[in-house]
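Please treat every number below as a calculation from the coordinates, not as lab data. Computed from a predicted structure; not experimentally measured. Positions of Cβ are generated from backbone atoms using ideal geometry, with glycine treated the same way; all protein chains shown enter the neighbour counts.
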Amino acid sequence: MAHVNRKEYWKIFVVLAVLTIIEVAVAQIPGIAKGLVVSALILLAVVKAACVALFYMHLKYETRVLRLTVALPLAVPPIYALVLVSEAAWRLLP
Amino acid sequence: MSVAAATHHADAHHGPEEYPKDEYFGTASIGKIGMWIFLLSDALSFAGLLLAYGIMRGSAAVWRHPAAPELGWPAEPSLGINFTAGLTFLLICSSVTMVLAHAAAVEGKRKELVRYLLLTMLGGILFLVGQYQEYFGLWSHGLTMEGLVFGHSGYATTFFIITGFHGLHVFTGVCYLGIMAIRSAMGKYDGGKHNSIEVLGLFWHFVDLIWILVFTLVYLIPV
């Protein structure tokens, strides 16, 4: 049976809207350490993107194989980014 | 079983269309798997653009350039977060209308399906209008007039390439939605034939998903 759950769609909408407000606030409130701001913003974006993929794109209700087909290749660029960031951070250490 | 046979199978039951169960992909249709594979390759294109942006920004001595009087260039403007947050909210709303369109297709409600597809399309059109305002200005100055010019800096060029490539996706999505709204109004997806609407939804939600990442990485991360 095709997956339809209107209640869940509206719940996710509220989650996305609230997280967007938090993002905008975190980015503009002065006095938070920059590393903390950047980490929080990226975490919030990943949670929002995952909500869209899992619930609106119904990935939560697909088979394991289809979920992995999508998730595994997409994990590679963030890992590369993480490697580059840690490399730069290591280089900048005294 | 072929797609035509599967569709016929659904017609015979007068319920939402179902595809034959596959050992690995369950009842996902060929169209759905095809769209996922396309979206995967598209996501990797965006990943390339965003990685290049991150590497350039991370290694730039100056990212947002001050005025260069010898060239006659003004200082580069910062990006407007609040206006773009509005555009982000607009895309989130259009994702909701898209899932509601799909729900209507599953339940065989043609009028509701067309109405939600048109609302989703409206969200996309308003987003494009907003992006035009941001770039070139409609009711106030656009970024290009304020000194953010393609080719003047890595900041300007990556901004226009990334948001422009995304805008192209929104435009494609608006056309796709328009075509599917017409086909829905003609009754092509009556009787629970929701698969094509779900595949359209995958594309539209992907455009929203990418914007969530672009909004954070390009607009929100402070210089």
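Here are a few things to note about the model shown:
- Residue-by-residue Karplus 3J(HN,Hα) for the range B:138-145, coefficients 6.51, -1.76, 1.60, Hz, glycine and proline x: 10, 10, 8, 4, x, 4, 5, 6
- From phi via Karplus (6.51, -1.76, 1.60), per-residue ³J(HN,Hα) for the range B:69-74 in Hz, x at Gly/Pro: x, 5, 9, x, 9, x
- When the P(r) of the protein assembly as shown is calculated, the portion above 36 Å amounts to 24% of the C-alpha pairs.
- Cα-based convex hull, the range B:141-223, per residue volume (Å³, whole number): 108
- Per the Cα gyration tensor, the range B:59-117 maps to an equivalent ellipsoid with semi-axes of 47, 11, 9 Å, ordered largest to smallest.
- At R0 = 41 Å, FRET efficiency that the Cβ-Cβ distance of A:Ile22 and B:Ala185 yields, to 0.05: 0.55
- For chain B, alpha-carbon Rg and Dmax in angstrom: 21.1, 75
- Efficiency of FRET from Cβ geometry, B:Phe165 and A:Lys7, R₀ 45 Å, rounded to 0.05: 0.80
- The Rg/Rh ratio of the range B:174-221, with both radii computed over alpha carbons and Rh defined as the Kirkwood radius, is 1.19.
- Between the beta carbons of B:Ala68 and B:Ile221, assuming R0 = 30 Å, the FRET efficiency works out to 0.75 to the nearest 0.05.
- In chain A, the alpha-carbon atoms span a convex hull of 95 Å³ per residue.
- Taking amide H as placed 1.01 Å from N in the peptide plane, B:Trp73 has its amide H under 5 Å from the amide H of B:Ala68, each at least 5 places away in sequence or on another chain.
- About the centre of its Cα atoms, chain A shows a dipole size close to 220 debye [charges on the beta carbon of Lys, Arg (+1) and Asp, Glu (-1) only; nearest 20 debye].
- Cα→Cβ-extended label distance, 7 Å offset, between A:Leu54 and B:Phe89, nm: 2.5
- Here the protein assembly as shown is treated with +1 on each Lys and Arg Cβ and -1 on each Asp and Glu Cβ, and its dipole about the Cα centre works out to around 420 debye.
- The range A:17-46 residues near the modelled A:Ala88 label - backbone nitrogen below 17 Å, point 7 Å along Cα→Cβ: A:34-43
- Lys pairs under 22 Å by Cα in the protein assembly as shown, provided they are eight or more residues apart or on distinct chains: 20
- Range in chain B, longest, excluding exposed chymotrypsin sites (Phe, Trp or Tyr not before Pro) [loop by DSSP; at most 16 other beta-carbon atoms within 10 Å]: B:64-138
- For the range A:61-69, Karplus couplings with θ = phi - 60° (6.51, -1.76, 1.60), whole Hz, Gly/Pro x: 9, 8, 6, 4, 4, 5, 4, 5, 4
- Total formal charge among the other residues, if their Cβ is under 15 angstrom from that of B:Ala68, Lys/Arg +1 and Asp/Glu -1: -2
- Part-to-part distance (alpha-carbon centres) for the range A:37-94 and the range B:154-172, which is given in Å: 21
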